[in-house]
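Read-outs throughout are calculated quantities, based only on the coordinates presented, and are distinct from any laboratory measurement. A quick note: this is a predicted structure, and the numbers were derived from the prediction, not measured. Don't worry about glycine lacking a Cβ; one is built from the backbone with ideal geometry, like all the others, and counts go over all protein chains shown.
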């Protein structure tokens, strides 16, 4: 289990024992990795293809339209900070989709 997960479990134990008030005063001992500020149209397309997503499905996954995906991949528009962070997470760990986004399909 990662350090962050262990810290979260410890904080949850403390909340159940002492209440939430004391946690507001505690500063985190880690800082997030700086977000990637831009992805080229080619990098966006390569990430989508690595995921084996169509443009339509990639748009549905990210909550944006097909036209938005097409604009990103053509360089007409640029993705915002949230999309950039999602790209960064997916680039580091494609398995994050399986672990956190998709549920297992029900047996047929």
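Some points to look at:
- Contour excess over end-to-end distance, with Cα ends at residue 51 and residue 88 and 0.36 nm allotted per residue: 12.0 nm
- In terms of the mean number of neighbouring beta-carbon atoms within 10 Å, the peptides 34-45, 59-70 order highest first as 59-70, 34-45.
- Each residue, residue 8 and residue 66, gets one label point 7 Å from its Cα in the Cβ direction; the gap between the two is 3.6 nm.
- Once the chain from residue 33 to residue 76 is taken as fully extended at 0.36 nm per residue, the excess over their C-alpha distance is 12.7 nm.
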